[in-house]
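*Asks:* Here's a structure for you.
The values are calculated or read from the model by the stated rules, or taken from the named source; none is laboratory data. Small disclaimer: the values here were computed from a predicted structure and weren't measured. Methodologically, a virtual Cβ is constructed for each residue, glycine included, from the backbone with ideal geometry; neighbour enumeration extends over all protein chains shown. Surface areas here come from the heavy atoms of the whole protein model, side chains and all, with no ligands, DNA or RNA. Shrake-Rupley method; radii C 1.70, N 1.55, O 1.52, S 1.80 Å.
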Amino acid sequence: MDGAKGSVLTLANWTAEPVKSLKVQVRLPAKPKEAKSVQAGKAVPAEFKDGVLTLTTDLEWADHILLPR
């Protein structure tokens, strides 16, 4: 979901096991200030290059990644 104040990325794990170090890439119109996991309550490692944000996070069952501008 994308809006004037930023974006939110919804992640769902449909496997029976947690996923460690899940790499996610998403094209965005602008570089976000940070990438923050709602589930973990903290920022996750992220890099923005050529309009693509690449982030890495652990995913137990579901999470939202906040991407404020």
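*Asks:* Starting from region 51-69, take each residue that is in a loop (DSSP other than H, G, I, E, B) and list its partners that are open to solvent by 50 Å² or more (accessible area, probe 1.4 Å) and aliphatic (A, V, I, L, M), counting only C-beta distances under 9 angstrom and pairs at least six apart or across chains.
*Replies:* Going by the 9 Å Cβ cut-off, the qualifying pairs are W61/A12; R69/A4.
*Asks:* Provide a single number: the residues in region 50-64 that are in contact with an Asp or Glu (Cβ under 8 Å, 6 or more places away or on another chain) and of a type in the set (S, T, N, Q).
*Replies:* Residues in region 50-64 being in contact with an Asp or Glu (Cβ under 8 Å, 6 or more places away or on another chain) and of a type in the set (S, T, N, Q): 2 in total.
*Asks:* Output the number of residues of region 48-69 satisfying the condition of being over 16 Å from M1 (Cα atoms), in contact with a strand residue (DSSP E or B) (Cβ under 7 Å, 6 or more places away or on another chain) and open to solvent by 70 Å² or more (accessible area, probe 1.4 Å).
*Replies:* Selection size over region 48-69: 1.
*Asks:* Can you say whether A35 is touching a Lys or Arg at 6+ places or on another chain (Cβ under 9 Å), within 15 Å of T57 (Cβ to Cβ) and not basic (K, R), as far as the supplied structure shows?
*Replies:* When the stated conditions are applied, A35 does not pass them.
*Asks:* Which count do you get for residues in region 1-47 that are closer than 12 Å to L67 by Cα, open to solvent by less than 80 Å² (accessible area, probe 1.4 Å) and not in a loop (DSSP other than H, G, I, E, B)?
*Replies:* Residues meeting the conditions: 10.
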